[in-house]
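Have a look at the structure below, then the notes.
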Amino acid sequence: MDINERQNHLDKQPFYVVSDDAYDRMVLKCEEFGFDKTYTNICSHKDKTKCNCPFNLNVLDKTNRFDFYDKQLMRLNKGIYKPVMKLSTIMNLKNNK
């Protein structure tokens, strides 16, 4: 599966899952800058002003639509916002079935 197929597969899911550490880092960046970029591939550009790599935007959800976290991340991809979940939350949901 190439990188585009993998990204298309991820985009079809109702939410995104990231490690707990990555989630916490993204929240800190969103609080400081208002958003956080997540590249869909590895960006090798040293000069980010000339970068045209595809990326998603992560922002903090201010509507509190979800009852998982005090600071819920949402990822904007192709004009659609989807929640970002911590891996530990998904594992807890799975184990509490």
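The values are calculated or read from the model by the stated rules, or taken from the named source; none is laboratory data. Predicted model only: the values in this text are computed from it and were never measured. Virtual Cβ from ideal backbone geometry, glycine too; neighbours counted across all protein chains shown. We work out accessible area using only protein heavy atoms, side chains counted, and drop any ligands, DNA or RNA first. Shrake-Rupley method; radii C 1.70, N 1.55, O 1.52, S 1.80 Å.
Some notes on this structure:
- Where residue 33 falls short, out of the listed (1) out of contact with any strand residue (DSSP E or B) (no Cβ under 7 Å at 6 or more places or on another chain); (2) closer than 15 Å to residue 16 by Cβ: (2)
- Residue that is nearest to residue 4 (Cα to Cα), among those in the stretch 46-67 that are at pLDDT 80 or above and part of a loop (DSSP other than H, G, I, E, B): 54
- So residue 27, is it in a strand (DSSP E or B) and either free of Cβ contacts under 8 Å to residues at least 60 places away in the same chain or out of contact with any helix residue (DSSP H, G or I) (no Cβ under 6 Å at 6 or more places or on another chain) (or both): no
- Identity of the residue in the stretch 28-38, farther than 16 Å from residue 81 by Cα and not charged (D, E, K, R), that ends up most open to solvent (accessible area, probe 1.4 Å): 33
- Number of positions in the stretch 16-27 that are in contact with a Lys or Arg (Cβ under 6 Å, 6 or more places away or on another chain) and either surrounded by 13 or more Cβ atoms within 10 Å (Cβ to Cβ) or modelled with pLDDT under 90 (or both): 3
- Apart from one condition, residue 58 fits all of (1) closer than 13 Å to residue 85 by Cβ; (2) surrounded by fewer than 12 Cβ atoms within 10 Å (Cβ to Cβ); (3) without any contact (Cβ under 8 Å) to a residue 60 or more places away in the chain; (4) of a type in the set (S, T, N, Q); the exception is (2).
- Pairs with Cβ under 7 Å, 6+ apart, first in the stretch 3-24 and in contact (Cβ under 8 Å) with a residue 12 or more places away in the chain, second assigned to a loop (DSSP other than H, G, I, E, B): 3/41; 7/40; 11/78
- Test: residue in the stretch 68-84 that is β-branched (Val, Ile, Thr), part of a strand (DSSP E or B) and buried (at least 16 other Cβ atoms within 10 Å of the Cβ): yes
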